[in-house]
Amino acid sequence: MNALRFLTAVLCFGLLLDRPAFATNLVTGNGFGFAVVSPQTASVTKFYVHPYSFVRPDPQNSLSEGIETGNFLKSLGWGDSALHASRAEYEDDSHVIHVRNSAGEGFFFMPFGFPRPALIVSWQSRSEDSLAKNLSAEWSHAIKSRTTVPTVDYQVQLLKFEGIDEALLLIPLGTPQTHPASQNLLATNSAWALVAVDSENDLAGTIREFEGWRSGLSPRQLAKREVEQLDQWRAVPSVQFKSENERHLWRQSEVMLRMAQSREQNRAGRNSNGLIVASLPDGVWFTPWVRDMAWAAVALARMGHRDEARAALLAYFNAQPTGKMRAQTANTDYQISVVRYFGNGSEEPFFTEEGSNNIEFDDWGEALWVLGQYLKKYDDPNLLRTPTYRGPLYESARDYIVKPLLANLETYKDGQIVAADTSIWEERQKDKKHFAFSTAAAIVGLQNFSEIAQHAGDESTRADVIKHLNLLEKGFDAAFIRDGELHGTLEEGIKNDIDGALLPIIHFGVVMDPALVRNTVDRMELLKVASGGYRRVRSTYTDPAIFEYWYERQEFLFVDISLAEVYRGLGRIADADAIIARIVSKAAADHNIIPEMYVSVPCKLFPGKIGNPTGARPMVGYGAGIFILDLLDREPLRR
């Protein structure tokens, strides 16, 4: 028997050799939590009870990542992956994960129709091996208590764990299974719903709510319905795809954006509804970042997902408490975080890789860009009057984004530029500079807001904004265009002399001089890396013990796609298409997932062969979002 099982595993493994060794973990999520699935073992490796990595600040350590989101699982699967070669893949470009091995097949997914952190797991065995028929789970924490909750048709288990505030309901869904007494308690059924609950006060109500969602369907029918409902949610694509692979990547990216957005309801102490994380787990950035969220929100708006884009906008204006760094922002109060948010919506004004506070003024311009882009796409007269944390949305934008931004401008020659900050690449605060991107973001944001002010009938604010826009455009040209070249910072230095952040500046139309644009594109060769694409900057870090030393040497896909956008503006269509086709092809080999980076300098932090995906993955705003925006921008009718 063992020899037969080994032979079966070998044969199945041979059929799976086309699966890349670098395969990214798959994620399913419903806006209330995330589950992570290993494609190598076809097992769940994490089940997070919130849709972000850190819930709230840690009162014991103000510069820490914060209080970590609870995770119930180390592993959940069927059979022995060493004996049953396994694979996992998204079902029809969805968030439903179809797992297969020689012992059987099943599904993992978190349903969007059930408004709680709930993971559906199901399995259908085709093996005579009794162990392969049964579910096994290794919990991440010790079980503190186990309670049986009887219902009319079955028994529900309620588990409490050491070190996790939430409890876990185990609801049987499938066929009862025979199992040895030593097996995990989940081995008693072929399918389960794992539902996280904050309180035990209404277990019966939660179970009734779940049964209403289930509607008597079998586990396989539930998975089928989930995919069908997702297809009903999808926006009709307004682009002409160049290949089937490109179409699949669009569809999968659309789902990544949806999974990344919090659907938790706001309540006392939690104001996170609509926030969008920068990456999905186990990408290291699965926390809401102002800048990444801007690209994701504009992508949702422009592709036709009005409700999600509106929720993201309202999240910017309802997140609280913010304005924590007034001493560093000209003593002005402000609404938009200067870096990112904890999961509960409170401002996280630092990037902890640096161990110090950060100030990123470009965030304010980008939030105004999102507001302007949404209003250009949709006729939504009530949005500007919608109550938010600091009052009606228009007044909040004017008084707590625009006014603080204007208060943090500096005179430069005959114009103005944004004060020194850490900007788009999160430079170390001690190395803050006057970045071209921050001033460009202010120009783009204020251009959008001038139209909003006109729409709101606020002519005095509009006139003041236009006055500052004229000064910013003069200041930008004086500060960042020197000797016929565009530079990333006012301060001299090789690191930002040529900078990948100059590309979106060009794409936004802040710089349009053809000679400057061509010169910038030509100098991008200085950022080209061994993997074939481009890194962000010419790093000046010399100590390999510093994270950024290795991070800034990898190929960054946001820069690649931004270059494709600029190529199109120059009429270099074939060059632009080649960049996107390469990304599409590489994503097709990795479950249609867009990573943060490709390996260009292999190292302990970013291992693998040159060209393998690395960094945070799946990437959201700087991955799925900018990819979708690029495809929308290449359509002549969309310009």
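In summary, helices (runs of 4 or more DSSP H) completely within the range 465-578 and bearing 2 or more residues that are closer than 24 Å to residue 593 by Cα occur at 502-507, 547-551, 557-569. If you go through the range 265-274 one residue at a time, do you hit one that is buried (at least 16 other Cβ atoms within 10 Å of the Cβ), part of a helix (DSSP H, G or I), in the same structural domain as residue 591 (by TED's automatic domain parsing) and not small (Gly, Ala, Ser)? No, every residue in the range 265-274 fails to be buried (at least 16 other Cβ atoms within 10 Å of the Cβ), part of a helix (DSSP H, G or I), in the same structural domain as residue 591 (by TED's automatic domain parsing) and not small (Gly, Ala, Ser).
Here is a yes/no grid of residues against (1) closer than 22 Å to residue 359 by Cβ; (2) touching a residue at least 12 places away in the same chain (Cβ under 8 Å); (3) touching an Asp or Glu at 6+ places or on another chain (Cβ under 6 Å):
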{"position": "435", "(1), (2), (3)": "yes, yes, no"}
{"position": "439", "(1), (2), (3)": "yes, yes, no"}
{"position": "442", "(1), (2), (3)": "yes, yes, no"}
{"position": "458", "(1), (2), (3)": "no, yes, no"}
{"position": "468", "(1), (2), (3)": "yes, yes, no"}
{"position": "477", "(1), (2), (3)": "no, yes, no"}
{"position": "482", "(1), (2), (3)": "no, no, no"}
{"position": "488", "(1), (2), (3)": "yes, yes, yes"}
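Can you say whether residue 410 is surrounded by fewer than 18 Cβ atoms within 10 Å (Cβ to Cβ) and in a helix (DSSP H, G or I), as far as the supplied structure shows? In short, no. In the range 293-302, is there at least one residue being more than 15 Å from the chain's Cα centre (by Cα) and either buried (at least 24 other Cβ atoms within 10 Å of the Cβ) or outside any loop (DSSP other than H, G, I, E, B) (or both)? Yes, the range 293-302 contains a residue that is more than 15 Å from the chain's Cα centre (by Cα) and either buried (at least 24 other Cβ atoms within 10 Å of the Cβ) or outside any loop (DSSP other than H, G, I, E, B) (or both). The residues of the range 360-389 include none that are at pLDDT below 95 and either small (Gly, Ala, Ser) or crowded, with 19+ Cβ neighbours inside 10 Å (or both). Only a single criterion out of (1) at pLDDT 95 or above; (2) surrounded by fewer than 23 Cβ atoms within 10 Å (Cβ to Cβ) is not satisfied by residue 100, namely (1). Screening the range 572-606 for residues that are in contact with a Ser or Thr (Cβ under 6 Å, 6 or more places away or on another chain) and free of Cβ contacts under 8 Å to residues at least 60 places away in the same chain and picking the one that is surrounded by the most Cβ atoms within 10 Å (Cβ to Cβ) gives 597. Within the range 56-76, the only residue that satisfies the criterion of being buried (at least 21 other Cβ atoms within 10 Å of the Cβ) and touching a Gly at 6+ places or on another chain (Cβ under 7 Å) is 69.
For the subset of the range 182-207 comprising residues that are in contact with an Asp or Glu (Cβ under 9 Å, 6 or more places away or on another chain) and outside any loop (DSSP other than H, G, I, E, B), which member is surrounded by the fewest Cβ atoms within 10 Å (Cβ to Cβ)? This residue is 197.
The values are calculated or read from the model by the stated rules, or taken from the named source; none is laboratory data. Small disclaimer: the values here were computed from a predicted structure and weren't measured. Reconstructed Cβ throughout: ideal geometry from the backbone, glycine too, with neighbour counts over all protein chains shown.
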